[in-house]
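Colleague: What follows is a structure written as structure tokens; I'll ask about it next.
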């Protein structure tokens, strides 16, 4: 990339966005030509059905209007089934963070132990390999049945899906610390615990952070699906509830918000990763 | 029974009366409009006090004749705080074990009494703080009810039977104290099929029903089988949660569904489908959804259960009146409950609706609300479970029906809500012209040509 034109990339992004919006607008324009229908009948059905068609997919202007409504009052609370989009996002974030932090509490120490010993690493590897690819949603019925609480089940599902990348990356990072550094520590007769905390941990930190960054991405992906299943609160429930109302404009708003929050979470983790990175 | 007779009326007898017990004679019972629930409650309290003061009815009558009803009332009120007693009774039959309850519902019009009881204050009137929680599907509502997260829930009327019998879940004693609605379902087909109205042309169709253990499943199967279509071999029937049905119909993923409203009306509203047939044309007066609770809740918290059931039955009585339907539609169409355009819910509840083919139809009986859990309904449902192989072996129809469909509580509370409960707990009816005798379920099953037994 040439550094003399820093505005080129953002400009191109804007152009792509404008092109996408134009195509979207063109594709979703309502068709002209109204079929003549009895006015008493037309009053009972939607605008499109009265003209003999189906309700169309909303265009960018409908979505923008809807988004503006949501952003004007994001934190309203009108009873257990009707809360603002900000409140729903907060519920989802709280679930994701609690499941994710629990997973980190388990995965990092456990990964450390596994990484320190080749035998344990080999012994546990088959279990990890089998459990890792299971879709977190496949755990949901089991979780609901055994835990008997929908909220805790959602947190459990986040936990179980974010634990593996962290565990594997921690173990890998710890196992691949340069042998020279461990030898130096041994030569200086540093106690084992101190070696672990002052040599191995900083050395493995970038790998561990990579695992944590992958995990938060997965956790945010999964929470939407999990909340669509358990209902009640959260941005996933919001999507489900608007699906129930067949309000595609609201669903597109939610999709945009989910993307933005996911990007934000990833950016925070990337910033943290930069703090612990080092140059050899 | 003479519970609601005016005890200050010298002509009245407190020991004999009409069939419901509210009137001096059977003729008066037949001719008199039902009085308000509060007035009846007050009468019941006054009656109890007077019976306690005058164990011999003759003595009471002579006393009132001698001094006059007004003086008697004043005298008794001076001796006994009648007003306080009336109030105490009106509040509840005893202290509530658990005033904060959680009740799950699926966002469909069948749940109208459960939902509207919240915004319209029927729960609050019984001293209950109920949060009604929207739930994503029937399997989830079952699991949340089984796990105790919900104290009671909106279920499909076959579900309490299936749960009690252990079909599709572990057997847990479950009860159904009240039916929510009768009728109110419809078969909706995709607009593509508007020229294929004869069920005989439906081979290869993909249909959706809300749940395997639902009246929708049994009614659709019954309807298809009566037209010679084998519901297991000639068509595909799959369970799809009601909110997802219109989206699936629009995507041509299914050809049609037998679904609860407002799903049918919503398909019309969006120009995706048309209403082929209302379920009342299959069986007029069929039950659909139910108010259900575990036996543990019913026996462990009797006062709370009574108060909750009373709220539901009063809400059902209110919903029954066609004059209230518009007001109810406006109250439950909001995002907090059904989350639908008001006109869609209104068309369902009032029965003046667009059928999707350009006609406005007027069927006031499209949906109705009747809380009485007829035990013969339970028997019919079990015959269909057996017919389609959902339960195997011998079924003790009458026993399960009486254990799950709690008719006695409904009779008592319907009376208190100013409704007239039926004399017996069983009635016969016919489905698509074929009469059903609840006393002979096995013969009924054997009478079908298409069955899995």
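Colleague: Can you go through A:185, A:123, A:143, A:154 and tell me which one is touching a residue at least 24 places away in the same chain (Cβ under 8 Å) and part of a helix (DSSP H, G or I)?
Modeller: A:154
Colleague: Continuing with this model, one more query. Looking at (1) within 14 Å of chain A (Cβ to nearest Cβ); (2) crowded, with 22+ Cβ neighbours inside 10 Å, which one does residue B:371 not meet, given that it meets all the others?
Modeller: Of the numbered conditions (1) within 14 Å of chain A (Cβ to nearest Cβ); (2) crowded, with 22+ Cβ neighbours inside 10 Å, the odd one out for residue B:371 is (1).
Colleague: Residues in region A:70-93 that are loosely packed, with under 14 Cβ neighbours inside 10 Å and part of a helix (DSSP H, G or I): how many?
Modeller: 2
Colleague: Further question on the same structure: Within the set of pairs 6 or more residues apart or between chains, which connect a residue that is within 12 Å of another protein chain (Cβ to nearest Cβ) and at positive phi inside region A:71-95 to a residue that is surrounded by 14 or more Cβ atoms within 10 Å (Cβ to Cβ) and assigned to a loop (DSSP other than H, G, I, E, B) with Cβ atoms less than 6 Å apart?
Modeller: Short answer, once both residue conditions are applied: A:79/B:336.
Colleague: Go through region B:331-352 and report how many residues are assigned to a helix (DSSP H, G or I), more than 8 Å from chain A (Cβ to nearest Cβ) and either over 24 Å from residue A:233 (Cα atoms) or in contact (Cβ under 8 Å) with a residue 40 or more places away in the chain (or both).
Modeller: Number satisfying all stated conditions: 8.
Colleague: Would you list the strands (runs of 3 or more DSSP E) that sit entirely within region B:96-193 and hold 1 or more residues that are more than 14 Å from chain A (Cβ to nearest Cβ)?
Modeller: On the way: elements: B:100-105, B:129-134, B:152-156, B:174-179, B:185-190.
Fully inside region B:96-193 and qualifying: B:152-156, B:174-179, B:185-190.
Colleague: Does region A:266-274 contain any residue that is free of Cβ contacts under 8 Å to residues at least 60 places away in the same chain, within 14 Å of another protein chain (Cβ to nearest Cβ) and either assigned to a helix (DSSP H, G or I) or surrounded by 12 or more Cβ atoms within 10 Å (Cβ to Cβ) (or both)? Give the derivation first.
Modeller: As a first pass, look at region A:266-274 and keep what is free of Cβ contacts under 8 Å to residues at least 60 places away in the same chain: A:266-268, A:270-271, A:274.
Filter once more, so that each one left must be within 14 Å of another protein chain (Cβ to nearest Cβ): none.
No: zero hits.
Colleague: Taking the residues in region B:380-419 that are within 15 Å of the chain's Cα centre (by Cα) and assigned to a loop (DSSP other than H, G, I, E, B) as candidates, determine which candidate is surrounded by the most Cβ atoms within 10 Å (Cβ to Cβ).
Modeller: Within region B:380-419, the match that is surrounded by the most Cβ atoms within 10 Å (Cβ to Cβ) is B:417.
Colleague: Please work out if residue B:307 is away from chain A (no Cβ under 14 Å), within 20 Å of residue B:101 (Cα to Cα), touching a helix residue (DSSP H, G or I) at 6+ places or on another chain (Cβ under 8 Å) and not in a loop (DSSP other than H, G, I, E, B).
Modeller: On the way: away from chain A (no Cβ under 14 Å): yes; within 20 Å of residue B:101 (Cα to Cα): yes; touching a helix residue (DSSP H, G or I) at 6+ places or on another chain (Cβ under 8 Å): no; not in a loop (DSSP other than H, G, I, E, B): yes.
So residue B:307 fails the test.
Colleague: Here's another thing I want to ask about it. Can you tell which of B:358, B:418 is free of Cβ contacts under 8 Å to residues at least 12 places away in the same chain, in contact with a helix residue (DSSP H, G or I) (Cβ under 9 Å, 6 or more places away or on another chain) and not assigned by TED's automatic domain parsing to the domain that holds residue B:195? Please lay out each step first, then the result.
Modeller: Values: B:418 fails: free of Cβ contacts under 8 Å to residues at least 12 places away in the same chain.
When all the criteria are applied, what remains is B:358.
Colleague: Residues to consider are A:216, A:252; find the one that is within 21 Å of residue B:246 (Cα to Cα) and at pLDDT 90 or above.
Modeller: The unique qualifying residue is A:252.
Colleague: Across region A:236-256, what is the total count of residues that are assigned to a helix (DSSP H, G or I) and either more than 10 Å from every other protein chain (Cβ to nearest Cβ) or in contact (Cβ under 8 Å) with a residue 40 or more places away in the chain (or both)? Steps first, please.
Modeller: Narrowing region A:236-256 to residues assigned to a helix (DSSP H, G or I): A:236-244, A:248-256.
With the extra rule that they be either more than 10 Å from every other protein chain (Cβ to nearest Cβ) or in contact (Cβ under 8 Å) with a residue 40 or more places away in the chain (or both), the set shrinks to A:236-239, A:241, A:248-256.
Count: 14.
Colleague: Right, something else. Counting only residues that are at pLDDT 70 or above and under 14 Å from residue B:357 (Cβ atoms), which one in region A:41-62 is surrounded by the most Cβ atoms within 10 Å (Cβ to Cβ)?
Modeller: By that ranking, first place goes to A:45.
Colleague: Take residue B:237 and decide whether it is within 13 Å of another protein chain (Cβ to nearest Cβ) and either in a strand (DSSP E or B) or within 18 Å of the chain's Cα centre (by Cα) (or both).
Modeller: In short, no.
Colleague: I need every pair where a residue in region B:433-453 that is assigned to a loop (DSSP other than H, G, I, E, B) has its Cβ under 6 Å from the Cβ of a residue that is surrounded by 13 or more Cβ atoms within 10 Å (Cβ to Cβ), sequence separation at least 6 or different chains.
Modeller: The qualifying pairs are B:438/B:376; B:438/B:379; B:438/B:426; B:450/B:225; B:450/B:230; B:451/B:387; B:452/B:388.
Colleague: Identify, by number, the condition in (1) outside any helix (DSSP H, G or I); (2) more than 14 Å from chain B (Cβ to nearest Cβ) that residue A:233 doesn't meet.
Modeller: The one condition residue A:233 does not meet is (2).
The values are calculated or read from the model by the stated rules, or taken from the named source; none is laboratory data. As the structure is a prediction and not an experimental result, all values here were calculated from the model. Neighbour counts run over all protein chains shown; Cβ positions are idealised from the backbone, glycine included.
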